[in-house]
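*Asks:* To start, I am sharing the structure in question, which I have written as structure tokens.
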Amino acid sequence: MGMSTNTLIDEAKKIRDKAYVPYSKFPVGAALLTKSGKVYTGCNIENAAYPVTCCAERVAIFKAIADGEKEFVEMAVIADTERPVPPCGSCRQVMSEFFRSDMIIHLTNLTKDVKSIKMEELLPFSFQPTDLQ
Ligand SMILES: O=c1ccn([C@H]2C[C@H](O)[C@@H](CO)O2)c(=O)[nH]1
Ligand SMILES: [Zn+2]
């Protein structure tokens, strides 16, 4: 694991403290590295209308996209889980829209277990923009 990966995990851990989680009390942090070397971070933001909640991963991705970023190289996600935190299905679908199939996502937890997984393994046979043509 390179130095940039540890830095990315640290950034994810740091923004996890900003999570707005009055309902689940389950804070999650995510950090996304762009090809240009910038890091976009996200935390989960819940809502009294529970399903309106946005996960940490999507907050990070949407911040980057809204800032004009298009090329991503690595992502880290962290939560206080027993195993490396598995992203939800909605986040996997959003990731598959913007991440290359060979991009690595580092899933981790507070006890530093890390599962580094390729986009294509995280969501195989995913519905793609090209399927609309
Ligand atoms: O990978 C995950 C899994 C869950 N959550 C959030 C959604 C909700 O706020 C809380 C409990 O599901 O954790 C994330 O942000 N990312
Ligand atoms: Zn999610």
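*Asks:* Could you tell me the calculated FRET efficiency between Lys35 and Thr81, based on Cβ-Cβ distance and R0 = 25 angstrom, to the nearest 0.05?
*Replies:* Here the calculated transfer efficiency is 0.30.
*Asks:* Restricting to the stretch 3-121, compute how many DSSP beta bridges are antiparallel as a %, nearest 5.
*Replies:* Around 70 percent antiparallel, to the nearest 5.
*Asks:* Another question, if that's okay. Label the chain by shape, choosing from rounded, prolate and oblate, from the square roots a ≥ b ≥ c of the eigenvalues of the Cα gyration tensor; if a/c is under 1.5 it is rounded, and otherwise prolate applies when a/b is larger than b/c, oblate when it is not.
*Replies:* rounded
*Asks:* Report, in debye and to the nearest 20, how large the dipole of the chain comes out about its Cα centre when Lys and Arg carry +1 and Asp and Glu carry -1 on their Cβ.
*Replies:* So the magnitude is around 240 debye.
*Asks:* Then there is this: I want to check the label-to-label distance for Arg100 and Ile65. Put each point 7 Å from Cα in the C-beta direction and report it in nm to one decimal.
*Replies:* With each label placed 7 Å out from Cα toward Cβ, I get 2.0 nm.
*Asks:* Identify which of Ala12, Ala30, Ala49 has the largest mean-square fluctuation in a Gaussian network model of the chain, with springs joining Cα atoms closer than 10 Å.
*Replies:* Ala49
*Asks:* Let me ask something else about it. Starting from the Cα of Asp10, step 7 Å along the direction of its Cβ; do the same at Val114; then give the gap between the two resulting points in nm.
*Replies:* 1.3
*Asks:* Only helical DSSP H runs with n ≥ 4 go in: add -39500 (n - 2.57) per run for the chain, normalise by residue count and round the 222 nm mean residue ellipticity to 500 deg cm²/dmol.
*Replies:* -8500 deg cm²/dmol
*Asks:* Among Cys91, Tyr40, Ile104, whose Cα lies farthest out toward the positive end of the dipole of the chain, if unit charges sit on the beta carbon of Lys, Arg (+1) and Asp, Glu (-1)?
*Replies:* Selected residue: Tyr40.
*Asks:* Now a separate question. Rounded, prolate or oblate: which one fits the stretch 55-116, using the alpha carbon gyration tensor with axes a ≥ b ≥ c (rounded when a/c is under 1.5, else prolate when a/b beats b/c, else oblate)?
*Replies:* It comes out prolate by the Cα gyration axes.
*Asks:* 7 Å from Cα along Cα→Cβ at both Ile45 and Phe127: what's the point-to-point distance in nm?
*Replies:* Here the answer is 2.5 nm between the modelled labels.
Here, each number is a calculation from the coordinates, and none is a lab measurement. All values derive from a computational prediction rather than experimental measurement. No Cβ is skipped: glycine too gets one built from the backbone with ideal geometry, and neighbour counts run over all protein chains shown.
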